[in-house]
Amino acid sequence: MNKMNIKFKNKISVDDYIKLRKNADWKDISRRQVKAGLKNSVYALSAKIGNKTVGMARIVGDGGYVMLIVDVVVLPEYRGAGIGTEMMKNVMEFIHNSVKDGEGVMAQLMSAKGRENFYKRFGFKPRPDDTFGAGMTQWIEASE
């Protein structure tokens, strides 16, 4: 695949976001949650080939010093073509450009199992280590 045909945009539609999540076998979330999440993203990047969205990555944050990289996914048939790498370069450039003189930003992410080495290339360190404990997560659902 020719990387020159890939366009990166700071925008992703609700429908494309839902399709990419489904292709990644991620948990379904409501359309309302998708709309709110995209609206409140610090940065939402899509990778397109023609009119087809083939990848995405987002940043959520507190507007101060914490940025969390989420939803990094490339459609299976386009993996290995460097799209994820280019998206992460774009995301990291956005974060670096947001840091003002004399300040710092804590960039975080939760890697999918087996994908840790991909993120190490961008300076991320696995947890736990000598400084930080394990990353943790919990899925909370409303009871019916």
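Please treat every number below as a calculation from the coordinates, not as lab data. These numbers come from a predicted model, not from an experiment. Every residue, glycine among them, receives a Cβ derived from its backbone with ideal geometry; neighbour counts consider all protein chains shown.
Structure values in brief
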quantity	calculated
Over 18 Å between alpha carbons, listed pairs K27/K48; K27/K113; K27/K120; K27/K125	K27/K48; K27/K120; K27/K125
Cα gyration tensor shape of the range 1-103, rounded if a/c is under 1.5, else prolate or oblate by comparing a/b with b/c	oblate
Ranked packing of 14-23, 130-139, most packed first, by mean Cβ within 10 Å	14-23, 130-139
Spatial separation of Cα centroids for the range 119-141 and the range 20-51, in angstrom	22
Table column - 3J(HN,Hα) (Hz), the range 32-38, Karplus curve with 6.51, -1.76, 1.60, x for Gly and Pro	4, 5, 4, 4, 5, x, 5
Electrostatic dipole magnitude of the range 1-77 [Cβ: Lys, Arg +1; Asp, Glu -1; Cα centre; debye, to 20]	280
Structure-based [θ]222 nm, the chain - -39500 (n - 2.57) summed over DSSP H runs of at least 4, per residue, nearest 500	-8000 deg cm²/dmol
Check: the chain dipole with +1 on Lys, Arg Cβ and -1 on Asp, Glu Cβ, in debye	600
Fraction of beta bridges assigned by DSSP in the chain that are antiparallel (%, nearest 5)	80
